[in-house]
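S.K.: Next up is a structure, given as structure tokens.
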Amino acid sequence: MTTKSIRRRLRDRISLSPSAGAALWVIVASGTLTVMAGAILGPVVNQIQSGLGVSQSLAGLIITTHGLFIVLTSPIAGVLIDRYGPRKPYILGLIVYAVAGGAGLVVTSFPVLLVTRAALGVAVAFVYTGVTVLIYNLYEGRRKDRAMGLRASANSVGASVWPLVGGILGTLSWQVPFGVYLIGLPLGVLAFLFVPEPAMASTSSETDESSSSLGALVDVITGTPLLVFVYLLYFLANVLLYSIIVFYPGVLATFGIESSFQISLYLSAMGVAGGVSAALYDRVRQRFSYGQLARIALVLWTIGFAIVPIAESPLVAILPVVLFGLGQGLVFPTAMLWVEELVPPDRKGQFSSYIAMFGYVGQFLSPVLFGPVAAGFGVAAVFGVAAGVVATLLVGTTVWYLA
């Protein structure tokens, strides 16, 4: 037996030890909190409005404010994680997440609650990027693919489960769902006990000084144009995700499906499909490159969205959300792992933080981009346009790949 094979077996045993397994599941569980941040309160927006005595638009800010602060804070989180390592910022993010999110249990002032939601966004930025860099640096090869796939799977399933939890708890009071955020505290304790500080790439003083330089950022992006495509792919995935969340209920209404429970079943089918493909990501990754996985997802999305304008029954209307979910489960871990492959080792935090930025900006802009289409041509046209956009990107990337 060679020395190399001995090292590999030892590494396998270490990675399968109970403490290593606990670390993985703590990281995966922490990852789904970023989805829960807004999803848990979606079903109780109307109750928040009446409970606080504010308008519908102001009540909506309780759902969206944290997303704005994730976008604003993520680059800062990335730089700090590169400088100090991911573990401490990640654990601190979990604690702030619990305190800021759980504050809604006792806060009854709209301005104060809005401040806590801003703090929640800051916490999510640190947890999101911290989880990403921890997976980058704690795992290698197929185990890294598996860890990132499990994270994406947990997020997809969480997107289906958390609204249901929020709706059930909301029957007690509009404030009770805020108590779920307190799960960040025990996760912070478990992270402190089981998640190690990974080895970080050494940085020279020159790199440290230029880490926040716009010129240095431009150098990396211009030297690696593929990186722009990866960010845009993640942006598109989130734009399309929220096009379904916002506009697909209108499509279902044409089939007489209007109850919130029935609509939730369709959205849950999307989450389950994404959870399945993401959970199998490490196996799929063994057979396909990142570029091939991206194109597979684009094919699934093109077919799925093209079905919407011609769907004639509620049963057929399930296919688009399932096909999108399958593609989403491939794109999310692919984008995160692809970024790591393309950027300097000592700047993983900075460049992975932009993934969160592009994702949340995409979610915000989705109704802005597709709203005029829905208003002018109907909700089904939204998905016809989406199919055209995705198909164009698919053809462009295929030609680029073959050139």
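The values are calculated or read from the model by the stated rules, or taken from the named source; none is laboratory data. Only a predicted model underlies this, so the values are computations on that prediction, with no experimental measurement involved. Virtual Cβ from ideal backbone geometry, glycine too; neighbours counted across all protein chains shown.
S.K.: So, Ile62, is that one assigned to a helix (DSSP H, G or I) and at pLDDT below 95 or not?
M.R.: Yes: the conditions hold for Ile62.
S.K.: OK, next. Here is a list of conditions, (1) under 20 Å from the mean Cα position of the chain (by Cα); (2) of a type outside the set (Phe, Trp, Tyr); (3) over 23 Å from His66 (Cβ atoms), and Arg287 meets all of them except one; can you say which number that is?
M.R.: (1)
S.K.: Still on this model: Closer than 23 Å to Met336 by Cβ, of a type in the set (A, V, I, L, M) and surrounded by 17 or more Cβ atoms within 10 Å (Cβ to Cβ): which single residue out of Ala98, Ala103, Ala154 fits that description?
M.R.: Just one listed residue meets the conditions, Ala154.
S.K.: Does region 293-321 hold any residues that are within 17 Å of Phe247 (Cβ to Cβ), part of a helix (DSSP H, G or I) and in contact (Cβ under 8 Å) with a residue 12 or more places away in the chain, and which are they?
M.R.: Within region 293-321, Trp301, Gly304, Phe305, Ala306, Ile307, Val308, Pro309, Ile318, Leu319, Pro320, Val321 meet the criteria.
S.K.: Test of understanding: among Tyr266, Tyr242, Tyr290, which residue is farther than 26 Å from Leu369 by Cα and either of a type in the set (S, T, N, Q) or touching a residue at least 40 places away in the same chain (Cβ under 8 Å) (or both)?
M.R.: Tyr290
S.K.: Moving to a separate point now. Please go through region 237-251 and give me each residue that is surrounded by fewer than 21 Cβ atoms within 10 Å (Cβ to Cβ) and over 21 Å from Ile40 (Cβ atoms), ordered by number.
M.R.: The one that is surrounded by fewer than 21 Cβ atoms within 10 Å (Cβ to Cβ) and over 21 Å from Ile40 (Cβ atoms): Gly250.
S.K.: Please name all residue pairs, on different chains or six or more residues apart, with Cβ atoms under 6 Å, provided the first residue is in region 37-65 and is closer than 27 Å to Asn155 by Cα and the second residue is of a type in the set (Ser, Thr, Tyr) and surrounded by 17 or more Cβ atoms within 10 Å (Cβ to Cβ).
M.R.: Matching pairs, first to second residue: none at all.
S.K.: Something else about it: Go through region 243-287 and count every residue that is touching a helix residue (DSSP H, G or I) at 6+ places or on another chain (Cβ under 9 Å), in a loop (DSSP other than H, G, I, E, B) and hydrophobic (A, V, I, L, M, F, W, C).
M.R.: The qualifying residues number 2.
S.K.: Taking the conditions exactly as written (over 30 Å from Leu293 (Cα atoms) and among the hydrophobic types (A, V, I, L, M, F, W, C)), does Leu134 satisfy them or not?
M.R.: No.
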